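A short worksheet on the structure shown next.
The values are calculated or read from the model by the stated rules, or taken from the named source; none is laboratory data. Here the structure is a predicted model, which is why all the values come from computation and not from measurement. Positions of Cβ are generated from backbone atoms using ideal geometry, with glycine treated the same way; all protein chains shown enter the neighbour counts.
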Amino acid sequence: MSQYETERRLCWGYSLACGLLVLTVICIGIPYNHWRATLDVCPGGYFENTNCGCILYGLSTQQYFNGGHNSWCLYAVFAPLPVIVYALVMALFHMYRVCINNVGQYEDEKSTTMEEIEGESIVVSTRTRVSRSNDSVIYCWIPSSCIAAVFALATLVHAAILTDGFLRTCTQYRGYLVKELRATGDHATAIHFRLACQAIFDFMDYIHKNAPNSRRGDFINTGVSLHLALIAAWASVVIWIAIVVHTAVRAYKERHVLTCCGN
């Protein structure tokens, strides 16, 4: 694979990673802001700020359904921001090189010409390639692959926490729903084992009561929003892994370069 093709794919990869993470942040931020006041009903005095308004890691209690600690949602919303900024910068960088400079576009292409020397026809094949001395980006493939690996790991941890928090809230609300509907027998079994989490969050949207002195406003589709966040988060993990592979392969091809500062 030529350098041009690698950078073209990286341009698309960083752009997709940036867009997917932005979608994740939006789809977590909307339900968090919608449910924050309603779910923040942890027991405690007026001066005891328990901060349990997160839609993730909810907990069913005897009286209320409490949200998880706000730190989970704050992490889900703000942790991807540095990754988004880095992905955006790298996408613009590779876009500039691919769309304007066309760096390495003809690296692996050969051109064949016929030349006549002393009455004999000779086939001459040439390969066009950007000079290593003029293209300093080749010194940064190894650092870029390492940084991409770190961000891939961070994105994986982020997606795992979102998934675990989502499933915890879904499981806990099943029990709360059984209690609220006074379901018994097969009704309770269906709620616990047959209804999908989308249906559970649909019940939450329409039957969950507002907390005292709070009103969450219009209905939203909490289940769809959280499912989109999960899909986008895991898709971004796949994209980051692909970015790591592409940069690592390119670094291997340029393995004689050790740092981005050496010649």
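Looking only at region 216-227, count every residue that is in contact with a helix residue (DSSP H, G or I) (Cβ under 8 Å, 6 or more places away or on another chain) and surrounded by fewer than 17 Cβ atoms within 10 Å (Cβ to Cβ) and tell me the total. Talk me through it step by step, then tell me what you get.
Step one: filter region 216-227 for residues in contact with a helix residue (DSSP H, G or I) (Cβ under 8 Å, 6 or more places away or on another chain), giving 216-217, 219-227.
Now narrow it down to the ones that are surrounded by fewer than 17 Cβ atoms within 10 Å (Cβ to Cβ): 217, 219-221, 224.
Adding up the residues that qualify gives 5.
Condition first: in a helix (DSSP H, G or I), at pLDDT 90 or above and out of contact with any Leu (no Cβ under 7 Å at 6 or more places or on another chain). Can you find one or more residues in region 38-48 that meet it?
Residues of region 38-48 that are in a helix (DSSP H, G or I), as a first pass: 38-39.
Still in the list and also at pLDDT 90 or above: none.
Among the residues of region 38-48, not one is in a helix (DSSP H, G or I), at pLDDT 90 or above and out of contact with any Leu (no Cβ under 7 Å at 6 or more places or on another chain), which makes the answer no.
Looking only at residues in region 177-225 that are acidic (Asp, Glu) and under 29 Å from Leu23 (Cα atoms), which one is modelled with the lowest pLDDT? Give the steps one after another, and end with the answer.
Restricting attention to region 177-225, the residues satisfying the condition of being acidic (Asp, Glu) are 180, 186, 202, 205, 218.
Add one more test, that the residue is under 29 Å from Leu23 (Cα atoms), and what stays is 202, 205, 218.
On the way: Asp202: 93, Asp205: 90, Asp218: 79.
In this case the residue turns out to be Asp218.
Of all the residues that make up region 182-203, how many are in a helix (DSSP H, G or I), farther than 13 Å from Leu167 by Cα and among the polar types (S, T, N, Q)?
Within region 182-203, residues that are in a helix (DSSP H, G or I), farther than 13 Å from Leu167 by Cα and among the polar types (S, T, N, Q) number 1.
Working carefully through the options Val77, Val83, Val130, Val124, find the one that is touching a Phe, Trp or Tyr at 6+ places or on another chain (Cβ under 9 Å) and modelled with pLDDT under 65. Talk me through it step by step, then tell me what you get.
Numbers: Val77 fails: modelled with pLDDT under 65; Val83 fails: modelled with pLDDT under 65; Val124 fails: touching a Phe, Trp or Tyr at 6+ places or on another chain (Cβ under 9 Å).
Going through Val77, Val83, Val130, Val124 in turn, the sole match is Val130.
Just name the residue that is modelled with the lowest pLDDT out of those in region 1-19 that are in contact with a Gly (Cβ under 9 Å, 6 or more places away or on another chain) and assigned to a helix (DSSP H, G or I).
Of the residues in region 1-19, the ones in contact with a Gly (Cβ under 9 Å, 6 or more places away or on another chain) are 2-7.
From what is left, the residues that are assigned to a helix (DSSP H, G or I) are 3-7.
Details: Gln3: 72, Tyr4: 76, Glu5: 80, Thr6: 78, Glu7: 81.
Per the stated criteria, the residue is Gln3.
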